[in-house]
Amino acid sequence: MRKDLPSKQQLLLELDALQQKVDASEQCVRETSEKLQLQIDERKRAEATFEKVQKYAESIVDTIREPFIELAPDLKVITANSSFYETFQVKPDETEGKFIFDIGNHQWDIPKLRELLETIIPQNTHFNDFEVSHTFPHIGQKKMILNARRIYREGNCTDKILLAFEDITNQIQIAEALANSEKRYRRLFETAQDGILILDAETGHIADVNPFLVEMLGYSHEDLLGKKLWEIGAFTDITASKAAFIELQTNGYVRYHDLPLETKDGRPMDVEFVSNVYLVNQHKVIQCNIRDVTERKHVAEALQKAHNELERKVAERTVELQTALTEIQTLKDKLEIENIYFREENKVHHRFGNILGQSAGLKYVLYRAEQVAPGNTTVLVLGETGTGKGLIAAAIHEMSPRKERPMITINCAALPANLIESELFGREKGAYTGAHNKQIGRFEIAHGSTICLDEIGELSLELQVKLLRVIQFNEFERLGSSRTIKVDVRIIATTNRDLQEAISKGLFRQDLYYRLNVFPITIPPLRQRKEDIPLMVKSFIDRYSRKLGKQITSVQQDTLKMLSDYPWPGNIRELESIIKRAVIMCPGPVLQLVDKLEISSPLLSSTVQTLEEAERNQIHKILTETRWRIEGKDGAATILGIHPSTLRARMHKLGVVRPQKDEVPS
């Protein structure tokens, strides 16, 4: 039995072989475990990458402008992009997980869409440009192009279906509108009664020509198509044609009113040629419109010739008539304005009647007016407001040789500064904004008569300069005209301002003052003519009693005394107003005042000069300027407009004596 047992050596060998097999098995297990771990890691990386790719793909899908949707194999919606929700006005919770034909209240149950998804796509990997037309409840009629694609997974089974929509509704509308426009243009092109050429803007080759131009020039389509303008016999001036084409390329527009052409049979013609550059399908083209104006030109030339001849004959025969009409119109305008002034003068005469008063002061004023009236001497009438300066001016005019024509009066204080110049000197039509008609000025109207510049002290310095020129040279220009107008006008100026004080303040020109102050007449205020008040009161009572139908026969002495003691700052005008109010309110035959005449103290300012003081100062001033020459051309008597003996008598009465140091020129 001991012989059958393995020996120790054999056992060791078997044990060693067994150990080698165990080691080999362990090695194999380790290698298998490492490979398995590598596969697991690779799978995790693949899953992470797939997740990133899927998220990236989803972000890309969401940014696609066209509506896009993912469907499961059973045609349920997996997801859709923002454009799909916005375009078809559905929400994600109303869409995802829903059967596509059920979403939006079954608005997607479209027969052609069913055909695509249920029949065409299962048989194809993808299908493009599948056109569907459908009316949706909320967004209306839509025409769409559908593009579908199947995505596979392992085993060649469909994993998902991608469906993209392209809305071509607007494109179709635009295409239809463009087609209609092209039809209309072609119809106009074919039937136009002007010749039309279509050129390539880059090369100048003729691309199209309408039938009317073919008939007009006598060339066939074949003669014209593909040629350049200067290669056609009709455009005889090659250099001009090339220059016109270059100008057209540069400016985009060319127009010739009278372009010479020649027909195929050699007949000359004149055309109106208009060209414009247009952009058609991103390509510049030139449209040339050509109109035959030959006959029109001949007719126009004949008409122009006849017109010129007629104009010449009419001009020859109407020069004198036009001149006469102008003179007649001027006279008519002057007569119309003179009539207005006549009426105004009559109103003034009717309103004030004769100048009332018997005082020495008034008599002297009237004496001065009578002395100066017959000549053309400029008169300056001075006096307070309401003393009757206008009446004295009118009296001077009525005693002058100019009395047959009306005295023209303008109130320098009543008109705005921007209007008084045109009132004085006139204006031409369009001289300034708002000057719609020609206007004759007061100086022009007063030609041959007298102009009274009332309140001359209110005239602006600018107009004082122009007035000075009229006084010096008897001429002026209307506003808006360079033509000088000569006039023969006597000037009487009135003012209640102290012009000497205005000169010292720079408000009145000294040279104008000397021109106006040739013969001054100062009207005393009513407070210095108290003896005239009863006569004026009676006259005013009679006048207004007649107007108002009252019988007022007397005035109490107390009333007359009250009226005589009042200083009358408003002078005769104030007195007339007070009497008028009293007559209105008077209930019986005895006048009762309604105004309370309050006398302020002192009654008179210490600065007020008497009439004699004013006259004495004026005579002394003129004598000083003439170096005490009384007689002669430049003597004081001539300047003052009185006889030398009268001046000597006034000097004696007023105590005007030449200082001993002055010498009288011989």
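The values are calculated or read from the model by the stated rules, or taken from the named source; none is laboratory data. Note that the structure is a prediction, hence the values are computed from the model and not measured. Cβ sites come from the backbone with ideal geometry, for glycine too, and all protein chains shown count toward neighbours.
Below, the figures for the structure above:
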| read-out | value |
| --- | --- |
| Long-range neighbours under 6 Å by Cβ, at least six apart or interchain, first residue in the same structural domain as Glu131 (by TED's automatic domain parsing) within the range 99-117, second polar (S, T, N, Q) | Ile103/Thr95 |
| Tally of residues being within 22 Å of Thr191 (Cβ to Cβ) and buried (at least 16 other Cβ atoms within 10 Å of the Cβ) across the range 275-290 | 7 |
| The range 408-427, subset of a type in the set (A, V, I, L, M) and touching a Lys or Arg at 6+ places or on another chain (Cβ under 9 Å), residue surrounded by the fewest Cβ atoms within 10 Å (Cβ to Cβ) | Ile410 |
| Residue tally, condition part of a helix (DSSP H, G or I) and either in contact with a Cys (Cβ under 6 Å, 6 or more places away or on another chain) or among the polar types (S, T, N, Q) (or both), over the range 274-307 | 2 |
| Inter-residue pairs, beta-carbon under 6 Å, first under 24 Å from Met269 (Cβ atoms) and in the range 241-258, second in a helix (DSSP H, G or I), 6+ apart | Ser241/Leu229; Ser241/Trp230; Lys242/Trp230; Val254/Ala244; Val254/Glu247; Val254/Leu248 |
| The range 376-392, subset part of a helix (DSSP H, G or I) and out of contact with any Asp or Glu (no Cβ under 8 Å at 6 or more places or on another chain), residue farthest from Leu575 (Cα to Cα) | Ile392 |
| In the range 68-104, the residues that are within 23 Å of Thr119 (Cα to Cα) and in contact with a Gly (Cβ under 7 Å, 6 or more places away or on another chain) | Lys76, Val77 |
| Boolean, Glu190 is at pLDDT 75 or above and assigned to a helix (DSSP H, G or I) | no |
| Any helices (runs of 4 or more DSSP H) falling wholly within the range 527-585 and containing at least 1 residues that are within 60 Å of the chain's Cα centre (by Cα) and under 13 Å from Gly357 (Cβ atoms) | 533-548, 571-585 |
| In the range 544-595, the residues that are crowded, with 19+ Cβ neighbours inside 10 Å and in contact with a Gly (Cβ under 6 Å, 6 or more places away or on another chain) | Asn571, Ile572 |
| The lone exception for Glu598 - which of (1) closer than 25 Å to Ile355 by Cβ; (2) part of a loop (DSSP other than H, G, I, E, B); (3) of a type in the set (Asp, Glu) it fails | (1) |
| From Asp511, Asp532, Asp498, residue being out of contact with any strand residue (DSSP E or B) (no Cβ under 8 Å at 6 or more places or on another chain), touching a residue at least 12 places away in the same chain (Cβ under 8 Å) and closer than 30 Å to Ala636 by Cα | Asp511 |
| The range 228-261 - residue that is modelled with pLDDT of 70 or more, crowded, with 17+ Cβ neighbours inside 10 Å and in contact with a strand residue (DSSP E or B) (Cβ under 7 Å, 6 or more places away or on another chain) and, of those, farthest from His205 (Cα to Cα) | Leu259 |
| Contacts under 9 angstrom Cβ, first residue in the range 586-597 being under 17 Å from Asp542 (Cβ atoms), partner part of a strand (DSSP E or B), 6 or more apart | Pro589/Ser554; Val590/Ser554; Val590/Val555; Leu591/Ser554; Leu591/Val555 |
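Yes/no matrix, rows are residues, columns are (1) assigned to a helix (DSSP H, G or I); (2) at pLDDT 75 or above:
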residue	(1), (2)
Phe84	yes, yes
Thr87	yes, yes
Trp108	no, yes
Leu113	yes, yes
Leu116	yes, yes
Thr119	yes, yes
His138	no, no
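Residue by residue, here is whether (1) crowded, with 18+ Cβ neighbours inside 10 Å; (2) without any contact (Cβ under 8 Å) to a residue 40 or more places away in the chain; (3) in contact with a Cys (Cβ under 6 Å, 6 or more places away or on another chain) holds:
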residue	(1), (2), (3)
Glu444	yes, no, no
Ile451	yes, no, no
Gly457	yes, no, no
Lys466	no, no, no
Ile471	no, no, no
Glu475	no, yes, no
Arg483	no, yes, no
